[in-house]
1. For the ranges 61-67, 73-79, what's the packing order if you count other beta-carbon atoms within 10 Å of each residue, average per peptide, and put the highest first?
2. Rounded, prolate or oblate, given the Cα gyration tensor of the range 26-103, with a/c below 1.5 counting as rounded?
3. Roughly what % of DSSP beta bridges within the range 26-103 run antiparallel, to the nearest 5?
4. Among all the lysines, which ones have a C-alpha under 26 Å from Lys78's C-alpha, if same-chain residues fewer than 8 places away are not counted?
5. With contacts defined as alpha carbon pairs under 8 Å and 6 or more residues apart, what's the relative contact order of the range 26-103 in percent?
6. For the range 26-103, give the magnitude of the charge dipole about the Cα centre (Cβ charges: +1 Lys/Arg, -1 Asp/Glu; no others), in debye to the nearest 20.
7. On a straight-distance basis, which aspartates and glutamates could pair with Lys75 in a cross-link, Cα separation under 19 angstrom, same-chain partners fewer than 8 positions away excluded?
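What follows is calculated from the coordinates using simple rules that are stated; it is not laboratory data. What you see is a predicted model, and the numbers here were worked out from it, not measured in a lab. Cβ sites come from the backbone with ideal geometry, for glycine too, and all protein chains shown count toward neighbours.
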Amino acid sequence: MVPTFRKIGERWGTLFSGDANMTDQAPNPKALIEHIAKALVPAPDKVIVEEVDEDGELVIELEVAEEDMGRVIGKSGKTARAMRNLLRAAGEKAGKRYELEILE
């Protein structure tokens, strides 16, 4: 017996068709970076995220414990690059520029 598959629209249509709850939310870059950083490090209580407005660009400053710096930066900077890409995407959605600075 061959299994039958439903069309995407029958089961998953609301997930991919622009669910109003997902698209109407304004991006919060500070909360985004804070959530990611706290998930990465073993000492989430030492994660500090601040917003600084510099020449029309919102700079997100991330500070973590010294022993957690490697986890936030990642191998060859891949984790930091991924967080910057997410910020760039959030900025595109909001029509703003966001930049991530990881403080030592």
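1. Going from most to least packed, we get 61-67, 73-79.
2. prolate
3. Percentage antiparallel, nearest 5: 55.
4. Of all the lysines, those that pass the test against Lys78 - Cα under 26 Å, at least 8 places apart if same chain - are Lys30, Lys38, Lys46, Lys93, Lys96.
5. 34
6. 600
7. List returned: Glu63, Glu66, Glu67, Glu101, Glu104.
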